[in-house]
2 protein chains.
Amino acid sequence: MQAINLANKFSLFTELWSPKIIAEVNDFHVKIGKLKGEFVWHHHEKEDELFLVIKGVLTIRLRDKDLVLHEGELAVIPKGLEHCPYAPQEVYLLMFEPKTTLNTGADTNDRTVDPEWI
Amino acid sequence: MQAINLANKFSLFTELWSPKIIAEVNDFHVKIGKLKGEFVWHHHEKEDELFLVIKGVLTIRLRDKDLVLHEGELAVIPKGLEHCPYAPQEVYLLMFEPKTTLNTGADTNDRTVDPEWI
């Protein structure tokens, strides 16, 4: 067991939209990701998903509104709710979600990734 | 659903060693707390516990070493492991842990609190 430094972990990769696992807490994973541009609309059948913005400004598009998260802000997207992350500029994001969570939710497509530990 | 601003949430209370719930993610709670001084030695029977330091420097005393967490650093204390948080200066802390987690772990004593939503 050791301290996990977020800035150090973010320095280890450059790929966008490719979450990396940095810790586990019971049946949950802590992941970090770098985002820029628009993702795909999706929802998760069973998993709530927490987004905490470490750097930048993240828009989470919902069907009825946009939710804007600045640095130091978080939101939980409840299971079942369609959402589409959008980052006009690069965002560093921390996620907390069940280990079963797929980045593209209930769909598998060309944006689906199998997250690796970093 | 809305953005949860950490700085705003920390401004709403002053009590030390009294975690506040700010979000839920499936069967987990996101809590924040202000710490200063030394807590009590304890462990959790079933719950891993994630600590992310938002401000300050937190020492987590373990039986065989001290784990020091600076701002932007996190650690997961696995279930069963005795630990004792210690903060020489005030620390702002974010925690992810199962909803069943008691702040004093497997023991109930005068430091035990029933966390409230903030």
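Computed from the coordinates by the stated procedures, all read-outs in this text should not be read as laboratory data. As the structure is a prediction and not an experimental result, all values here were calculated from the model. As a convention, Cβ positions derive from the backbone with ideal geometry for all residues, glycine included, and neighbour counts pool all protein chains shown.
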*asked:* What's the number of the only condition in (1) farther than 24 Å from A:Val53 by Cβ; (2) exposed (fewer than 15 other Cβ atoms within 10 Å of the Cβ); (3) touching a residue at least 40 places away in the same chain (Cβ under 8 Å) that B:Arg63 fails to meet?
replied: (3)
*Counting just the residues of segment A:88-118 that are among the aliphatic types (A, V, I, L, M) and touching an Asp or Glu at 6+ places or on another chain (Cβ under 8 Å), which one comes out surrounded by the most Cβ atoms within 10 Å (Cβ to Cβ)?*
A:Met95
*Using beta carbons and a limit of 7 Å, which pairs, at least six apart or on different chains, have the first residue in segment B:6-25 and surrounded by fewer than 14 Cβ atoms within 10 Å (Cβ to Cβ) and the second one in a loop (DSSP other than H, G, I, E, B)?*
B:Ala7/A:Gly72; B:Leu12/B:Ile118
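One line per residue, one yes/no per condition, for (1) of a type outside the set (Ser, Thr, Tyr); (2) within 11 Å of another protein chain (Cβ to nearest Cβ); (3) within 13 Å of the chain's Cα centre (by Cα):
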| position | (1), (2), (3) |
| --- | --- |
| A:Leu58 | yes, yes, yes |
| A:Tyr86 | no, no, yes |
| A:Gln89 | yes, no, no |
| A:Leu93 | yes, no, yes |
| A:Phe96 | yes, yes, yes |
| A:Leu102 | yes, no, yes |
| A:Asn109 | yes, no, no |
_Any chance A:Lys31 is among the charged types (D, E, K, R), crowded, with 19+ Cβ neighbours inside 10 Å and under 18 Å from B:Val30 (Cα atoms)_ = yes
*Under the condition of being acidic (Asp, Glu) and under 23 Å from B:Ile4 (Cα atoms), which residue from segment A:25-56 is farthest from the other protein chains (Cβ to nearest Cβ)?*
A:Glu38
